[in-house]
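Read through the structure below, which is laid out as structure tokens, and then see the notes.
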Amino acid sequence: MSKHSAQPISLFDARIVRPALAESFRKLDPRSLWRNPVMFCVEMASVITLATFVMSLAGVGREPAWFTGLVSLWLWLTVIFSTVAESLAEGRGKARAASLRKTRTEVTAKRLGTPEFGSDVTPVGANQLRKGDCILVEAGELIAGDGEVVAGAALVNEAAVTGESAPVVRESGGDRSAVTGGTTVTANAIIVRITANPGETFLDRMISMIEGARRRKTPNEIALEVLLIALTVVFLLVCINLSPLSLYSVQAAGRGTPVSLTVLTALFVCLAPTTIAALLPAIGIAGMDRLFQKNVVALSGRAIEAAGDVNVLLLDKTGTITLGNREAVAFVPVGGHTEQEVAEAALMASLTDETPEGRSIVVLAKQKYGLRMDELPASAVNIPFSAETRLSGMDAGGRHYRKGASDSTVAFVTGLGGRAVPGDLADVVDRIARAGATPLVVSVDTEILGVVNLKDIVKGGIQERFQQLRSMGIKTVMITGDNYLTAAAIAAEAQVDDFLAQAKPEEKLRLIRESQEAGLMVAMTGDGTNDAPALAQADVAVAMNTGTQPAREAANIIDLDSNPTKLLDIVEVGKQILMTRGNLTTFSIANDIAKYFAIIPAMMISVYPQLGALNVMRLATPLSAILSAVIFNALIIPLLVPLALRGTRFRPMPAEKLLIHNLLIYGVGGIVAPFVGIKGIDLVVGIFV
Ligand SMILES: Nc1ncnc2c1ncn2[C@@H]1O[C@H](COP(=O)(O)OP(=O)(O)OP(=O)(O)O)[C@@H](O)[C@H]1O
Ligand SMILES: [K+]
Ligand SMILES: [Mg+2]
């Protein structure tokens, strides 16, 4: 097995750092930097101080050129540290996108006239394929685009996308019908109906997502940014007003010198929330990258952050909580019929059924009873399975063969005029359901012959993960189209908190709407086409990569490993992103206190010598105090880059406790650190000045 995560590239690997440094200079372009308004202001401040440096070189102004020059240099470094942080966060994704692009080679597809085997084949380039085209893909060939298997079943190697080289089954009809462009068929042949135009495929979306090209700011990021901009504007106004104020003070006191433009600009940058503003883009991008390490592709940053606040997780049963598909394991007669009769009727009701359940019935009838029908009866009409009717079958030779959920089949038979439901039916259905399997009732015309036992197996190790979700305050609810007893048995085995049985697609949707109206943040995990409406409505919609194309399109997060408990990791990363942002904001704002103590006395001491009392750090000279504050303000950014990229460590503890814990560390730390840091830098600066 080769996984992406098996060969992790370190965050500070040379292969990432070098291109990131180049990229960080491109990001200095004001036309792209304005997207981060606080850093844009710092860049303007750097330009202003560059001008005052040039002027002091020319002998204009009172300040020595070494001072204005160093202030300008460190202001530029402040901006560069921020663009480096963002580029570093993007780096690993870019490296991976490049390797994904390599797999998206130009392939030739075999386009078919009709969606059937044996129809005429026209070779076309992959980029000529359009939605709705059908292609034939045979063993050893690359699948040219995203699509849905409409005929056949094959083994597919998806390593190009998932990093997992063990082949998986992709087949028509069921919840495992979706195939991804760029993956390879290793055995058998399938016919695929293309579902995405070139440029809109999963691989394309994945590449643009991890490259950050389509990254939108999340609502949380926007809210925080509004706060940061407001703070910046306030400090800008304060600094602008300080200039006339200091002129006036100088005149009134009859001594001292007014504050210079360089010092005012330095003060502004030190007070503005530069630490968090510099690291803000990196935090979100790095979070998305951490998820990708876990083989989860988030198609929106918003979904990950919403996951940090999730209260309820709804899970589809088959394929999500239980393994793959339900398989027929036994035919159980009722009402005095024989096993053989049930097998025959079930076979007839499944001949045209392309779902895995239907195919497994055909296989069992053949294996156990030697039954086979090589040709369909001439008059056969397929009655396809739907999540609405919950039954399927075939009409042939004037007879109605059906199989389906117990209530649906009984209702169908009664509708045809059947009156006698066998007395032992309820018992048989109950027994199968209580064991956690799915009973399918088999009928011919008005007669109920027996029940097919479809086995359902709960995925291993799922219970502990649900327990962890519970301890994080997340309620798990299983929703299934299956009957109440089967649902109850599987729910008990998987240890979900609650379940909803016999749910049709619109009931799944309603449950989500109701939970959302009650103020809950809802996550949904599913794989079937019938889950798609619910996925589209959920705040966090996780589709299994094995799922159908509609489910994958409706989702905003795709789990390449198709593991329903991945939500735990998604929640963790979501919480980490929110916490990291909160912690760095606290730190950034708490930092200002020390800077007041460093800069205000330095600025005003020539006018008001009493302010010397505020110089608690005993900084050497006013100029070195200001320079030290500027240097500290810049250096704190690279020092916090590892924290921004890796995220605050997640501790499962109650929210209030966590808040107090973080406030203590980042609030108190934010107040103390700059006193120590600025003093230390001043000692070094003092050696030279
Ligand atoms: N091929 C089929 N033919 C007839 N009836 C079926 C078939 N497949 C499923 N059923 C019946 O329809 C019910 C609903 O099935 P469906 O697969 O839509 O459930 P679901 O809502 O996707 O839930 P889950 O996937 O969690 O089991 C099943 O419980 C079963 O009784
Ligand atoms: K600052
Ligand atoms: Mg399903």
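Of all residues in the stretch 105-131, those that are in contact (Cβ under 8 Å) with a residue 24 or more places away in the chain, part of a loop (DSSP other than H, G, I, E, B) and farther than 23 Å from N545 by Cβ total 4.
Among the residues that make up the stretch 536-554, is at least one of them of a type in the set (K, R), away from ligand 1 (no atom under 14 Å from the Cβ), more than 18 Å from the chain's Cα centre (by Cα) and not in a loop (DSSP other than H, G, I, E, B)?
no
Cβ-Cβ distances below 7 Å connect the following pairs, each with a first residue in the stretch 534-551 that is among the charged types (D, E, K, R), a second residue that is surrounded by fewer than 24 Cβ atoms within 10 Å (Cβ to Cβ), and a separation of six or more residues or different chains: D539/M521. Per the listing T320, T275, the residue uniquely polar (S, T, N, Q) and either under 26 Å from E23 (Cα atoms) or more than 16 Å from ligand 3 (Cβ to nearest atom) (or both) is T275. Scanning the stretch 182-197 turns up at least one residue that is more than 16 Å from ligand 2 (Cβ to nearest atom), of a type in the set (K, R) and more than 30 Å from R290 (Cβ to Cβ). In the stretch 559-574 there is at least one residue that is among the aliphatic types (A, V, I, L, M) and not in a helix (DSSP H, G or I).
Restricting to the stretch 386-436, what's the tally of residues that are in a loop (DSSP other than H, G, I, E, B) and either over 23 Å from I457 (Cα atoms) or touching a His at 6+ places or on another chain (Cβ under 6 Å) (or both)? Number satisfying all stated conditions: 13. Scanning the stretch 92-117 for residues that are modelled with pLDDT of 85 or more, among the small types (G, A, S) and buried (at least 17 other Cβ atoms within 10 Å of the Cβ) yields a single hit, A109. For A518, the conditions (1) surrounded by fewer than 23 Cβ atoms within 10 Å (Cβ to Cβ); (2) among the small types (G, A, S); (3) at pLDDT below 90 all hold with the exception of (3). When residues in the stretch 243-300 are screened for being free of Cβ contacts under 8 Å to residues at least 40 places away in the same chain and more than 27 Å from L228 (Cβ to Cβ), 6 of them pass.
Of the candidates G461, G436, G526, the single residue that is out of contact with any strand residue (DSSP E or B) (no Cβ under 8 Å at 6 or more places or on another chain), more than 16 Å from ligand 2 (Cβ to nearest atom) and not aromatic (F, W, Y) is G461. Take I589 and decide whether it is part of a helix (DSSP H, G or I), of a type outside the set (D, E, K, R), within 16 Å of ligand 2 (Cβ to nearest atom) and farther than 17 Å from L279 by Cα. For I589, the condition - part of a helix (DSSP H, G or I), of a type outside the set (D, E, K, R), within 16 Å of ligand 2 (Cβ to nearest atom) and farther than 17 Å from L279 by Cα - is not met.
Scan the stretch 328-335 and give yes if some residue there is in a loop (DSSP other than H, G, I, E, B) and at pLDDT 95 or above, otherwise no. Within the stretch 328-335, one or more residues are in a loop (DSSP other than H, G, I, E, B) and at pLDDT 95 or above.
In the stretch 510-522, which residues are in contact (Cβ under 8 Å) with a residue 12 or more places away in the chain and not in a helix (DSSP H, G or I)? Result: L520, M521, V522.
Kindly establish whether K475 is farther than 24 Å from V342 by Cβ, in contact with a Gly (Cβ under 8 Å, 6 or more places away or on another chain) and not aliphatic (A, V, I, L, M). Here the answer is no, as K475 does not meet what is asked.
Annotation: K575 fulfils all but one of (1) within 24 Å of V161 (Cα to Cα); (2) away from ligand 3 (no atom under 15 Å from the Cβ); (3) crowded, with 23+ Cβ neighbours inside 10 Å; (4) among the charged types (D, E, K, R); the unmet one is (1).
Tallying residues that are in a loop (DSSP other than H, G, I, E, B) and under 20 Å from A109 (Cβ atoms) within the stretch 145-187 yields 10. Considered as a group, the residues in the stretch 453-509 that are more than 24 Å from the chain's Cα centre (by Cα) and assigned to a strand (DSSP E or B) include one that is surrounded by the fewest Cβ atoms within 10 Å (Cβ to Cβ), and that residue is D498. For S82, the conditions (1) part of a loop (DSSP other than H, G, I, E, B); (2) polar (S, T, N, Q); (3) at pLDDT 95 or above all hold with the exception of (1). One residue alone among G404, G358 is within 16 Å of V332 (Cα to Cα), within 16 Å of ligand 3 (Cβ to nearest atom) and surrounded by 21 or more Cβ atoms within 10 Å (Cβ to Cβ), and that residue is G404.
Pairs meeting the criteria (first residue in the stretch 447-461 and within 18 Å of G481 (Cβ to Cβ), second residue of a type in the set (F, W, Y) and crowded, with 18+ Cβ neighbours inside 10 Å, beta carbons under 7 Å, at least 6 apart or on different chains) are V452/F331.
Each row is one residue, and each column tells you yes or no for (1) more than 10 Å from ligand 1 (Cβ to nearest atom); (2) out of contact with any helix residue (DSSP H, G or I) (no Cβ under 8 Å at 6 or more places or on another chain).
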| residue | (1), (2) |
| --- | --- |
| D309 | yes, no |
| L315 | no, no |
| F331 | yes, no |
| V334 | yes, no |
| H337 | yes, yes |
| I361 | no, no |
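Evaluating T320 against the criteria (1) more than 16 Å from ligand 2 (Cβ to nearest atom); (2) in a helix (DSSP H, G or I); (3) not small (G, A, S) leaves one unmet condition, (2). Scanning the stretch 296-317 for residues that are part of a loop (DSSP other than H, G, I, E, B) and either modelled with pLDDT of 90 or more or within 17 Å of the chain's Cα centre (by Cα) (or both) gives L299, S300, G308, D309, V310, N311.
Return the residue satisfying two criteria in turn: it lies in the stretch 196-229 and is among the hydrophobic types (A, V, I, L, M, F, W, C) and in a loop (DSSP other than H, G, I, E, B), and of such residues it is modelled with the lowest pLDDT.
Here the answer is A213.
Conditions (1) surrounded by fewer than 23 Cβ atoms within 10 Å (Cβ to Cβ); (2) under 36 Å from the mean Cα position of the chain (by Cα), marked per residue:
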| site | (1), (2) |
| --- | --- |
| A620 | yes, no |
| I626 | no, no |
| A629 | no, no |
| P638 | yes, yes |
| T648 | yes, yes |
| R651 | yes, yes |
| G670 | no, yes |
| I678 | no, no |
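The values are calculated or read from the model by the stated rules, or taken from the named source; none is laboratory data. No experiment lies behind these values; they were computed from the predicted model shown. All Cβ positions, even for glycine, are placed from backbone atoms using ideal geometry, and neighbour counts span all protein chains on display.
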